[in-house]
Structures are given as structure tokens and as C-alpha cells.
């Protein structure tokens, strides 16, 4: 389950499976790939991008593969940037 808290057009927080996501700019959010399990593409907010990582520990993002960023672009569609 995804919870998005907004103030007007701005995203203040995103919580997935009771885990709050981190963001430096409110537009790109750090998303541990374990939280993607069971999510539908259409559940992701279309006005946010996600930097996918293996996990986050003490505000440090750990990557185990090629860095990628995903953005929901439409009905059941993602843009994936490597």
C-alpha cells in the first residue's frame, strides 16, 4: 500500500508498506527494491520519480546493479532510465 501526503501540488511524503521514502527534492524518491514486491505500476504517483536501490541504511543508498530511475508515464507504463 502506498500513502502519499501532499500540500497542493507538492509531495511531502511517500510511505510504502509502512516504510517512509527519502527525497532530497520532493520529486525523486529513494525506493528500496524490496518494497516494489506486490505493487502495481498504477499505484505509483505519476508526478514522482524513484531511484531504485538494494536498501537504505543510515541515509546511505546501496546499489547492487546498474543505477536506475523509474517514473510512471501512463496506464500500466513505466519509463526506466539507466
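Please give the Cα centre distance for the stretch 1-39 versus the stretch 46-65, rounded to the nearest Å.
Going from one Cα centre to the other spans 11 Å.
What distance in nm separates the two pseudo spin-label positions at residue 75 and residue 59, each 7 Å out from Cα along the beta-carbon direction?
4.3
Mean separation of Cα pairs under 8 Å and 6+ residues apart, divided by the residue count of the stretch 2-81: what relative contact order is that in percent?
Relative CO of the stretch 2-81 lands at 22 percent.
Where both residues lie in the stretch 2-81, what percent of DSSP beta bridges are antiparallel, nearest 5?
Approximately 80 percent, going by the DSSP bridge assignments.
Working only with C-alpha atoms, what are the Rg and Dmax values of the chain, expressed in angstrom?
Spelled out, the Cα radius of gyration and Dmax of the chain are 12.0, 36 Å.
Residue 42 label point, 7 Å along Cα→Cβ, cut-off 17 Å on backbone N: hits in the stretch 62-82?
Only 72-79 fall inside the zone, counting backbone N under 17 Å.
Each value in this text was obtained by applying a stated rule to the coordinates, not by laboratory testing. This is a predicted model, so every value here is computed, not measured. Cβ atoms come from the backbone with ideal geometry, glycine included; neighbour counts cover every protein chain shown.
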